[in-house]
Each structure stands twice: as C-alpha cells, then as structure tokens.
Amino acid sequence: MSLGDRASFCPAPRLPAPFRFSRKSSGTALSASLDGVTAAFLVVRAALVSQPARRFILGICLEVMDDEPKPATQLHNSEPLFSFGVIADIQYADLEDGYNFQRSRRRYYRHSLLHLQGAIEEWNRESTSPCCVLQLGDLVDGYNAQHNTSETSLGHVLSTFQMLQAPVHHVWGNHEFYNFSRDYLGNSKLNTKFLQDQIAHHPETTPSDNYYAYHFVPFPKFRFILLDGYDLSVLGVEQSSLKYQQSLKMLKEHNPNTELNSPKGLSKPHFVKFNGGFSQEQLNWLNEVLTFSDKNQEKVVIAS
C-alpha cells in the first residue's frame with residue numbers, strides 16, 4: 001500500500017437497488033442517481049473557495065432518499081430517509097490572515113470560526129435534522145503549534161461545535177498531527193470512537209487500537225466507516241516507533257528530495273511528508289466490515 005494512496009484500495013460492496021443523495025448547500029440542491037450495480041462511493045470534498053473579502057468553508061447537508069426507483073417527475077418530491085452534514089478544513093487559528101504552503105491562496109484563520117458557526121446554525125434550522133455531522137479533518141491550523149496555541153484553538157472550535165444539535169464524528173488530518181501527537185488525539189474530544197456500532201457475534205468488525213477508525217449505523221441498512229488516513233505516517237508518532245520507520249523508509253524510496261514535503265520531480269507526487277496511508281491491518285479490518293455489509297445488503301459511505 002502506497003503512502004498517501006487514497007483510492008481503489010478495497011473491494012466494494014454490492015448495493016441491492018438504486019439510491020440517491022440530495023446535496024443542499026447555500027440554498028441550492030443537487031440530486032444524483034447511483035445505480036449501485038457493484039458499489040457506490042460518495043466522495044464529498046468540502047472545498048475552500050477564496051475571494052478577496054472572505055473565505056468560504058463549505059458545510060453541506062446531504063439527504064439520503066428512498067432507494068425505490070421513481071420517475072424523474074417524482075424525484076424532487078421524495079421524502080428523505082435521513083440527512084447528515086459534512087464539513088472539512090476549518091483550520092482555525094487566532095492569527096492574522098496568511099497564505100497556504102505555496103503562498104498561492106490567502107488564508108483567513110480567525111474568520112473560519114464564523115463560518116463554522118454559520119454552518120451549525122444552518123444545520124440546526126434544517127427541516128430534516130441531520131442525524132450527525134462528519135468533520136473530515138484539519139480542524140485547527142498547523143500554525144497554532146508555532147505559536148503555542150494548539151490547545152486553546154482546539155478548545156474554541158470544540159466549544160463552537162457544542163452549539164450543534166447532532167453528534168459530530170471527527171476524522172484526523174495532517175494539521176491535527178502538526179499540533180498534537182497521536183496519543184494526545186486518542187485521549188481528546190477529537191476521538192469519537194465511542195460512537196462506533198457494536199455488531200454482535202462479529203468481533204472481527206471491531207477495530208484495533210493501533211489505528212483510529214470505526215463504523216456506525218445512522219439509519220437501518222446504512223453503514224458509515226471512518227478510516228485513519230494517517231495510520232502510516234511520519235506525523236504524530238515517535239521516531240523510534242515501527243510505523244514511523246516503515247513510513248520514513250517508504251517515503252525515501254519514492255521521494256529523493258531533501259525536503260520530504262516537496263513533490264518536485266516526483267512521478268508519484270503523493271509521496272510527501274504531509275500525506276499518510278493505510279496499514280494492512282486496517283485494510284483487513286475494512287474488508288471484514290465491507291464483507292459484513294455486503295452480506296447484509298447495507299449501503300456504505302466511507303470517510304477519510
């Protein structure tokens with residue numbers, strides 16, 4: 001498994017019938033039909049869109065519709081089975097405006113908290129209350145570590161999330177590991193593993209403590225899986241650890257640059273220090289969960 005590889009790493013479960021997601025964002029809605037002959041992976045990237053005056057963090061609400069086939073004229077009249085929210089890259093810091101790593105895009109660190117508040121207010125006003133929100137990583141910006149404000153900034157963001165009338169499932173990104181060790185995150189409120197689903201008589205679907213991943217069921221026959229995309233990484237772990245040594249060896253085999261965060265000249269530019277990957281142990285666990293979902297005709301959403 002390649003460090004930083006995020007695609008086509010596992011067999012996909014079969015879905016028994018079509019199902020649809022309706023995306024609502026900034027007053028607009030988009031419906032997409034997925035035929036589910038083999039599998040459907042819904043990939044939601046919450047993009048940052050910079051404008052001269054402000055920064056947008058895209059917080060969206062996705063409604064999961066009835067999977068019975070319907071004529072096109074009835075699609076927009078379907079009642080949703082449930083809805084869930086998605087947000088990513090808040091990257092909060094109590095700092096003046098700055099720029100991204102390439103200095104090609106302006107960053108509004110302090111202002112991001114206001115956009116999180118706006119997203120939460122929208123979710124709380126939804127006619128179909130979201131059953132949960134997926135927070136897909138980079139909650140606080142890496143610059144907090146340089147200013148010794150990591151814990152303070154994390155506290156501000158988590159306090160804002162307390163306004164939300166739904167549980168939050170946290171994914172860990174590289175900026176989490178710029179600020180905190182893996183051990184710290186495991187003992188913090190960013191560890192939402194306690195929300196995982198317990199499947200009776202299937203102990204193989206219980207994740208190991210060696211990585212941060214779990215699954216849960218927000219609605220019958222729908223299973224959500226959160227994966228640890230930094231299971232193999234040189235970030236957030238002791239240099240004496242086996243995983244650090246494995247990850248560093250893999251990086252240097254594919255990245256000859258002195259600066260391992262640089263993709264310069266690489267045929268596989270994802271082999272950089274700020275990326276991560278999945279251990280075989282985690283992939284084996286994922287396969288067991290997908291096998292269970294396949295046998296039980298569940299629909300699966302994977303977040304990482």
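The values are calculated or read from the model by the stated rules, or taken from the named source; none is laboratory data. Note that the coordinates shown come from a computational prediction; the quantities given were computed from them, not determined experimentally. Positions of Cβ are backbone-derived with ideal geometry, glycine not excepted, and every protein chain shown enters the neighbour counts. Protein only, heavy atoms only, side chains kept; ligands, DNA and RNA dropped before computing areas. Shrake-Rupley method; radii C 1.70, N 1.55, O 1.52, S 1.80 Å.
With a point put 7 Å past each Cα toward its Cβ, work out how far Q165 is from T152 in nm, to one decimal.
In this crude spin-label approximation the distance works out to 3.4 nm.
Under a Cβ-Cβ cut-off of 14 Å, what is the net charge of the residues other than Q165 that fall near it, where Lys and Arg count +1 and Asp and Glu count -1? Could you put the intermediate results ahead of the total?
On the way: positive: R125; negative: E121, E122, E126.
With Lys, Arg at +1 and Asp, Glu at -1, the net is -2.
Quick check: at a probe of 1.4 Å, how many percent of the accessible area of the range 98-224 sits on carbon and sulfur atoms? Each step should come with its number before you reach the end.
Working: 3030 of 6270 Å².
Accessible surface attributable to carbon and sulfur in the range 98-224 totals 48 percent.
When ligands, DNA and RNA are left out and all protein chains stay put, how many square angstrom of accessible area per residue does the range 145-269 have with a 1.4 Å probe? Show your work: numbers first, answer last.
On the way: 6600 Å² over 125 residues.
Per residue, the range 145-269 has an accessible area of 53 Å².
For K299, list the lysines whose Cα falls under 24 Å from its own Cα; do not include residues on the same chain fewer than 8 positions away.
Cross-link targets: K24, K70, K193, K221.
Heavy-atom accessible area per residue, the range 102-142, 1.4 Å probe: how many Å²?
Values: 1880 Å² over 41 residues.
Using a 1.4 Å probe on heavy atoms only, each residue of the range 102-142 averages 46 Å².
Distance between Cα centroids, the range 240-291 to the range 161-186: provide it in whole Å.
So the two Cα centres are separated by 21 Å.
Quote the FRET efficiency, to the nearest 0.05, computed for N210 versus D294 with a Förster distance R0 of 22 Å and r equal to the Cβ-Cβ distance. Mind dumping the intermediate values first?
On the way: r = 25 Å, r/R0 = 1.12.
It comes to 0.35.
Would you mind classifying the range 220-273 by shape? Square roots of the alpha carbon gyration tensor eigenvalues, ordered a ≥ b ≥ c; an a/c under 1.5 is rounded, otherwise it is prolate if a/b is larger than b/c and oblate if not.
oblate
Which order do the peptides 146-152, 225-231 come out in when sorted by mean C-beta neighbours inside 10 angstrom, highest first? Walk me through the intermediate numbers first.
Working: 146-152: 14.6, 225-231: 24.6.
Taking the mean over residues of other Cβ atoms within 10 Å, the ranking is 225-231, 146-152.
Within the range 149-173, list the residues whose amide N lies under 20 Å from a label point set 7 Å along Cα→Cβ of Q117.
152-166
Starting from the Cα gyration tensor of the range 244-288, take the square roots of the eigenvalues, sort them a ≥ b ≥ c, and report rounded, prolate or oblate (rounded when a/c is under 1.5, otherwise prolate if a/b is larger than b/c, else oblate).
On the way: a/c = 3.13, a/b = 2.26, b/c = 1.39.
Prolate shape, in that a/c is at least 1.5 and a/b is the bigger ratio.
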